[in-house]
Amino acid sequence: MSYPYQIKSFDQYQQVYRHSVEQPEQFWAGIASHFTWKKKWDKVLDWNFESPDVKWFVGGKLNITENALDRHLQYNGHRPAIIWEPNDPDEHHRIITYRDLHFKVVQFANVLKNNGVKKGDRVVIYMGMVPELAVAILACARIGAVHSVIFGGFSAQSIADRLQDAQAEYIVTCDGAFRGNKDIPLKGIIDDALVQCRFVKRVIVLTRTRTPVSMIKGRDVWWEDEIKKVETMGNPDCPAEEMDAEDPLFILYTSGSTGKPKGVVHTCGGYMVYTTYSFVNVFQYEQEDIYFCTADVGWITGHSYIVYGPLCAGATTLMFEGVPTWPDAGRFWDIVDKYRVNILYTAPTAIRSLMSFGLGPVHGHDLSSLKVLGSVGEPINEEAWQWFHEHIGKGKCPIVDTWWQTETGGIMISNLAGVTPARPAHATLPLPGIQPVLVDEQGNELTHEGSLSGNLCIKFPWPSIIRTTYGDHERCRTTYFATYPGKYFTGDGALCDEEGNYRITGRVDDVLNVSGHRIGTAEVENAINMHGAVVESAVVGFPHDIKGQGIYAYVIYGNMHGDENLTRQDISQTVSRIIGPIAKPDKIQFVTGLPKTRSGKIMRRILRKIAEGELSNLGDTTTLLDPGVVEEIISGRL
Ligand code: WTA
């Protein structure tokens, strides 16, 4: 069975797209009418991109968990909501029906309440990929608390920064998390973070790895004990809090071109409508399909397309705790066969990493259940696209190349599987309701005939657009809405052909995309500079076979005695401690100076070219304070 708003043909797409642009309010009201509202909205949209101030479904009241859970109970309560595959294939998997999930969410919502969490409070969630992570998220939403999930690869310092920024007094975590052959001591990392965050009142700890942890009296409690307490209370219900469509649902921190991550805020109504609508249409989800998104819930992809989109659509979402290469590089394919997965959504970096093992790990797998493949997080190179298409999709599965961002909440530009044409390495056409435009450096819209190349902006709001950056609305304005007044600026460059097909070329700001993780160069520089002996540093990206982009750091080091490699390790460890292992530089080159303009600005363009190995065309270096430094850097290139 399909959904009333599911687009089934290219003609229909064109018709729906036209309608969505000509009458956006009528269009989105039609989609939103398929959801459960406690009170209908008074007005569909209020907006200006100057402040910015965007409101969808104004005056509407709802609770997203009633849409993700309660409304499925009557007919689909017995259906699997979450299939959970553990890290270790020998451990038992879990199948959680909608009825079970509803029960668990309500129960944990009561735990949160018992521990003092109220509507509007911020709750930081730092857990591994266990079903209780989804339970914790939904329980927050149930009572109107604002969740902020932090990816398990972030360090204590990163957690402390986020706790402070969000002024979060509550934390939900695990003793530890399994990732391949590693056991990450999550609770220990939280303890380190909390040394700086005395305002945290409660830490709820789920048992997963049985790693020894220290529990602080009055602050730390066990998840399991708290569940027992609500069990003995008798009333298993927890009414869904009435939320305004524009009340915040969650904060998710993401890197930008400045040194400090920003808390992207999404709200309840628009986010629900858009993630569900895009999930159904892009993947062409049909009821009973098994859908597997390999992302981590710590990133936006997990929020929108493991938890909220699929659950609001009543889908079966597979959650995987481990990594693609452990115990071996056939892990994904084992899972596809084990559950007869129909839709597989993953990242180019995972595909490239699996490609590097050759076809051995793919052989012996059936994979015939697959109908649709998807890619997200970075431009997918043609080679990876072809491999995925041929060896995993056996030439018969459409690949959706989905372009979007933390700030957009949902997929913006993508083909619709099997419905609109796919093209290798192209995100192709915008979803209904999305109005992209390319601009030149001056902000002029590029509209001439032929193919275009420019900076990608969106000129009209969509329901899941970022509303603000937590605690600093001005930052939201300057980052996204001030560069090209009247437009949302994505930070990405793109090409667009005559038929309107987009090809995203990558970031045009100082943000790197390393294995699909967004990392600001300034953030890495700040971390490197924390090392006692580092005088100055400059970080750029370079093409990396598996990660897409690698991190190249040029470092001026105070007094170099002893082994350079040990010093490199030392610097890497500093970065790991300040940000997390995901931000460790791939290459560290020691230099005595950096190319700077006379006004002291680092010429990153030159450093980027050197890191990329493009030495012939460095441009004009005569305006540099010390042109000689360029020669030195070239000769010391790694
Ligand atoms: C990049 C991830 C090309 C892009 C959902 C964007 C892509 C950034 C694609 C957002 C794609 C994401 N093709 N580039 N299909 N998908 N990107 O916030 O540079 O973690 O700005 O959201 O990833 O990363 P974020």
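Among the residues of region 180-205, what is the count of those that are under 14 Å from Ile125 (Cβ atoms), assigned to a strand (DSSP E or B) and not aliphatic (A, V, I, L, M)? It would help to see each step written out before you state the result.
From region 180-205, those under 14 Å from Ile125 (Cβ atoms) are 186-187, 189-190, 193, 200, 202-205; that's our starting set.
If we keep only those that are assigned to a strand (DSSP E or B) too, we end up with 202-205.
Applying the additional criterion that residues be not aliphatic (A, V, I, L, M) yields 202.
The qualifying residues number 1.
Condition test on Thr406, is it crowded, with 23+ Cβ neighbours inside 10 Å and either within 13 Å of the ligand (Cβ to nearest atom) or not basic (Lys, Arg) (or both)? Break it down stepwise before answering.
Details: crowded, with 23+ Cβ neighbours inside 10 Å: no; either within 13 Å of the ligand (Cβ to nearest atom) or not basic (Lys, Arg) (or both): yes.
No.
Taking region 370-395, which residues are in a helix (DSSP H, G or I) and of a type in the set (A, V, I, L, M, F, W, C)? First the steps, then the outcome.
Quick first cut of region 370-395, residues in a helix (DSSP H, G or I) only: 382-392.
The answer is Ala384, Trp385, Trp387, Phe388, Ile392.
May I ask you to list the residues in region 409-428 that are under 22 Å from the mean Cα position of the chain (by Cα) and within 13 Å of the ligand (Cβ to nearest atom)?
Across region 409-428, the qualifying residues are Gly409, Gly410, Ile411, Met412, Ile413, Ser414, Asn415, Ala425, His426, Ala427, Thr428.
Contact map, region 381-403: residues that are modelled with pLDDT of 95 or more paired with residues that are among the small types (Gly, Ala, Ser) and away from the ligand (no atom under 16 Å from the Cβ), Cβ distance under 9 Å, separation 6+ or inter-chain. Pairs shown: His389/Gly395; Lys394/Ser368; Cys397/Gly418; Pro398/Gly418; Ile399/Gly393.
Can you tell me which residue among Gly443, Gly360 is at pLDDT below 95 and more than 19 Å from Tyr17 (Cα to Cα)?
Exactly one of Gly443, Gly360 is at pLDDT below 95 and more than 19 Å from Tyr17 (Cα to Cα), namely Gly443.
Do we have any residue at all in region 491-499 that's touching a helix residue (DSSP H, G or I) at 6+ places or on another chain (Cβ under 9 Å), within 16 Å of the ligand (Cβ to nearest atom) and part of a helix (DSSP H, G or I)? No, region 491-499 has no match at all. Sub-6 Å Cβ pairs linking a first residue in region 127-144 that is closer than 14 Å to Leu69 by Cβ to a second residue that is among the acidic types (Asp, Glu), at least 6 apart or interchain, are Ile143/Glu241, ordered by first then second residue.
Taking the numbered list (1) aliphatic (A, V, I, L, M); (2) surrounded by fewer than 16 Cβ atoms within 10 Å (Cβ to Cβ); (3) in contact (Cβ under 8 Å) with a residue 12 or more places away in the chain in turn, Leu566 passes all entries but (3).
Looking across region 469-507, the residues that are aliphatic (A, V, I, L, M) and either farther than 15 Å from Leu438 by Cα or surrounded by 17 or more Cβ atoms within 10 Å (Cβ to Cβ) (or both) come down to Ala482, Ala494, Ile504.
Would you point out the residue of region 281-320, among those that are touching a Phe, Trp or Tyr at 6+ places or on another chain (Cβ under 6 Å) and away from the ligand (no atom under 16 Å from the Cβ), that is nearest to Tyr271 (Cα to Cα)? Here the answer is Ala313. Of the strands (runs of 3 or more DSSP E) that lie entirely inside region 500-551, those containing 1 or more residues that are basic (Lys, Arg) and either within 16 Å of the ligand (Cβ to nearest atom) or out of contact with any Asp or Glu (no Cβ under 7 Å at 6 or more places or on another chain) (or both) span 502-507, 517-520. Contact map, region 271-292: residues that are surrounded by fewer than 24 Cβ atoms within 10 Å (Cβ to Cβ) paired with residues that are charged (D, E, K, R) and part of a loop (DSSP other than H, G, I, E, B), Cβ distance under 9 Å, separation 6+ or inter-chain. Pairs shown: Gln284/Lys8; Gln284/Lys371; Glu286/Lys371; Gln287/Arg79; Glu288/Arg79; Asp289/Lys371; Ile290/Arg340.
The values are calculated or read from the model by the stated rules, or taken from the named source; none is laboratory data. These numbers come from a predicted model, not from an experiment. Glycine gets a Cβ as well: all are built from the backbone with ideal geometry, and neighbour counts include every protein chain shown.
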